[in-house]
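The values are calculated or read from the model by the stated rules, or taken from the named source; none is laboratory data. Since the structure is predicted, the reported quantities are computational estimates derived from the model, not experimental observations. Glycine also receives a Cβ, built like all others from the backbone with ideal geometry; neighbour counts cover every protein chain displayed. All accessible areas refer to the heavy atoms of the entire protein, side chains included, with ligands and DNA or RNA removed. Shrake-Rupley method; radii C 1.70, N 1.55, O 1.52, S 1.80 Å.
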Amino acid sequence: MKQLLTGNEAIARGAWEAGVRFGSAYPGTPSTEIFENLARYKEDLYAEWAPNEKVALEVAYGASVAGLRSICAMKHVGLNVAADPIFTATYLGVNAGFVVVSADDPDMHSSQNEQDNRYYAKFAKMALVEPSDSQECVDYLKEAFDISERFDIPVLFRVTTRISHSKSVVEEGERKLVDPKPYVKDVCKYVSTPEHAKSNHVRLENTLKALERYSNGSPLNRIEMKGSKVGVVAASVAYHYAKEVFPEDTSFLKLGFTYPLPMDLIRDFASKVETLYVVEELEPFMEEQIKAAGIPCVGKELVPSIRELNPSILAEALFGKKPLSADLGIPLANRPPALCPGCPHRGFFYALSKGKNHVITGDIGCYTLGYNPPLSAMDICLCMGGGFSVGMGMAKAFELSGDTRKVFGVVGDSTFFHSGMTGAAEIIYNKGRVVPCVLDNRITGMTGHQDNPGTGETLMGEPAKELSIEKILAALGFDPVLVVDPTDLDQTQKAIAAAGDLESPAAIVARSPCVLVKKYNLEKKTYAVDPERCRSCKRCLKIGCPAISFDGKARIDPALCTGCSICAQVCPFGAISLQGGKA
């Protein structure tokens, strides 16, 4: 049967068809939907959300060693978190097939950088497979598991946002029944002491040589000869862009197995064309290796190395063709990202922004948007967990330099379990003047409402132990741990003031569910502005709610208002009230 599937849906389908029995992941755009779809096959396999990417990789690798075909998935920056185990897993090898999916995000549609994770394959010495459409996501993933088992090595399966989220036709196949491989204790293979690692490194280098020989004849690499004037080496979605841009008589070497590169195949292809181009997104990963092998080619001197490619960008870069455009005479609306109407984070950031002696260190999540005006309630955002640990560094620096400002470190509930707990331990252990604040909206919000250890439910919909954030903070040594409803501004402001004044290690948990989480069945309420009482002071605009506009008087869009009441609480003239009732 043929289906129109996104790349992420196809990866899940390919894992099922490949006989995968175990999967672990941490959600992150653009990878999230892989495991949301993998869980649909729960009759045949086990899938879970792990607390972070490092745990996900270790758990999935453990299942591989125990004998089950296993997969883990993450976005590109998640592989940084998981880098520690993957570098050693390549030394140890696998038992059953083990594939790591990295979903890279060129153009940073939902990311803090656009790193090119192909370099992880070279750095960690693992096989690299890159599909270019949804059908290849299915077919290549099945091949990736065969490669993993044949060469006793983890395989990095790299996709990009455009592949993950675009749809193309997939011809679905049957599930391959793969018996569990017997686990046999082998300390020389699996216990990575320096003595064992030395011999395992030699084995790995020999494996890479065998993989390169395989790549030269791999079915994932193919030559499409059309002419002898121009040849193009391309992989992933860049292959499709190049096919649209280059003339009809251009020959292509389309690569799907990209590390180790099939250098003999590339050299043979280059000998058949006058000019060789290498077209790839982001870094010159293939180009550097091809040039190092003494094969002349044209690449990043013309093709941009930042942001996502598309046919228009490529045509202009290579051939100077300007994209066709028309001026409609209508300016585009400026719509910067903003916290949703009714978002509980808004109340906390509004209250936090009132402090004149605060530095606010933020983190990765919906709440990163607290930096935006008019809230302007964030000084820095580095990475997952950095809200606490970067804050600790700033607090210690302030202490050493005599700066009296108090640091408030902010993370979300999923981030707290991901990498916030270690930062909290750092604050306690090294006596930091940081107030750790956990914004608990009862879900992993930014990536589309995935469960986490604090929500009481697993990826497969089973009830789970609900970890208490305040009890964990108390166990670490924070006292008091103040739990507030951030939509209650008075309560929240008092907690922030109290925590900021205390010399003892205080923490804050701001708990209110995301208004988009269906299971909480939040009552629909709508607030409205009485134009007779509105004094046009614009105080309500300072909370940055998209439901509020101003045209001489404040206005609230009833279609957007969720009834959080924060605007009514900040209005000094009582001009905002519940429709049909009082505020």
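Below is a table of values for the structure above.
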quantity: Residues satisfying the stated conditions in region 52-74, i.e. under 22 Å from Asp105 (Cβ atoms) and outside any helix (DSSP H, G or I); calculated: Asn52, Ile71, Cys72, Ala73, Met74
quantity: Matching strands (runs of 3 or more DSSP E) fully within region 504-583 where at least 3 residues are of a type in the set (A, V, I, L, M) and buried (at least 16 other Cβ atoms within 10 Å of the Cβ); calculated: 507-511
quantity: Ser102 vs. criteria among the polar types (S, T, N, Q) and under 15 Å from Cys72 (Cα atoms); calculated: yes
quantity: From Gly409, Gly454, Gly423, Gly432, residue being without any contact (Cβ under 8 Å) to a residue 40 or more places away in the chain and small (Gly, Ala, Ser); calculated: Gly423
quantity: Hey, Leu265 within 21 Å of Gly217 (Cα to Cα) and either part of a helix (DSSP H, G or I) or open to solvent by less than 20 Å² (accessible area, probe 1.4 Å) (or both) or not; calculated: yes
quantity: Condition check for Glu283: within 30 Å of Ser110 (Cα to Cα), open to solvent by 70 Å² or more (accessible area, probe 1.4 Å) and modelled with pLDDT of 95 or more; calculated: yes
quantity: Qualifying positions in region 360-418 - open to solvent by 30 Å² or more (accessible area, probe 1.4 Å), of a type in the set (Gly, Ala, Ser) and either closer than 21 Å to Gln450 by Cα or in a loop (DSSP other than H, G, I, E, B) (or both); calculated: Ser376, Gly402
quantity: Residues satisfying the stated conditions in region 425-455, i.e. of a type in the set (Gly, Ala, Ser) and within 17 Å of Ala507 (Cα to Cα); calculated: Ala425, Gly432
quantity: Candidate set: region 299-346, residues that are of a type in the set (Ser, Thr, Tyr) and under 22 Å from Asp104 (Cα atoms); chosen: the one surrounded by the fewest Cβ atoms within 10 Å (Cβ to Cβ); calculated: Ser305
quantity: Selection from region 209-244 of residues that are over 18 Å from Leu141 (Cα atoms), aliphatic (A, V, I, L, M) and out of contact with any Pro (no Cβ under 8 Å at 6 or more places or on another chain); calculated: Ala210, Ile223, Met225, Val232, Val233, Ala234, Ala238, Ala242
quantity: Candidate set: region 1-60, residues that are in contact with a strand residue (DSSP E or B) (Cβ under 9 Å, 6 or more places away or on another chain) and of a type in the set (Asp, Glu); chosen: the one farthest from Ser414 (Cα to Cα); calculated: Glu9
quantity: Residue pairs meeting the criteria (Cβ under 9 Å; at least 6 apart or on separate chains; first of a type in the set (Phe, Trp, Tyr), in region 470-493; second in a helix (DSSP H, G or I)); calculated: Phe478/Ala424; Phe478/Ile427; Phe478/Ile428; Phe478/Glu470
quantity: Selection status of Val77, assigned to a strand (DSSP E or B) and among the aliphatic types (A, V, I, L, M); calculated: no
quantity: Any chance Val434 is among the β-branched types (Val, Ile, Thr) and over 25 Å from Ala82 (Cα atoms); calculated: yes
quantity: Any chance Phe87 is out of contact with any His (no Cβ under 8 Å at 6 or more places or on another chain), open to solvent by 20 Å² or more (accessible area, probe 1.4 Å) and aromatic (Phe, Trp, Tyr); calculated: yes
quantity: Flag if Pro341 is touching a Ser or Thr at 6+ places or on another chain (Cβ under 6 Å) and at negative phi; calculated: yes
quantity: Condition met for Val170 (outside any helix (DSSP H, G or I), crowded, with 24+ Cβ neighbours inside 10 Å and in contact with a strand residue (DSSP E or B) (Cβ under 6 Å, 6 or more places away or on another chain)); calculated: yes
quantity: Ile472 among the hydrophobic types (A, V, I, L, M, F, W, C), touching a strand residue (DSSP E or B) at 6+ places or on another chain (Cβ under 7 Å) and either surrounded by fewer than 24 Cβ atoms within 10 Å (Cβ to Cβ) or assigned to a helix (DSSP H, G or I) (or both); calculated: no
quantity: Subset of region 80-109 that is among the charged types (D, E, K, R) and assigned to a loop (DSSP other than H, G, I, E, B) - its residue that is nearest to Asp186 (Cα to Cα); calculated: Asp105
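For every residue, the table says whether it meets (1) touching a Lys or Arg at 6+ places or on another chain (Cβ under 8 Å); (2) β-branched (Val, Ile, Thr).
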| position | (1), (2) |
| --- | --- |
| Ile71 | no, yes |
| Lys75 | no, no |
| Val81 | yes, yes |
| Ile86 | no, yes |
| Leu92 | yes, no |
| His109 | no, no |
| Gln115 | no, no |
| Tyr120 | no, no |
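For every residue, the table says whether it meets (1) more than 30 Å from Ala66 (Cβ to Cβ); (2) in a helix (DSSP H, G or I); (3) open to solvent by 50 Å² or more (accessible area, probe 1.4 Å); (4) touching a residue at least 24 places away in the same chain (Cβ under 8 Å).
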site	(1), (2), (3), (4)
Thr207	no, yes, no, yes
Leu211	no, yes, no, yes
Pro219	no, no, yes, yes
Ala234	yes, no, no, yes
Tyr239	yes, yes, no, yes
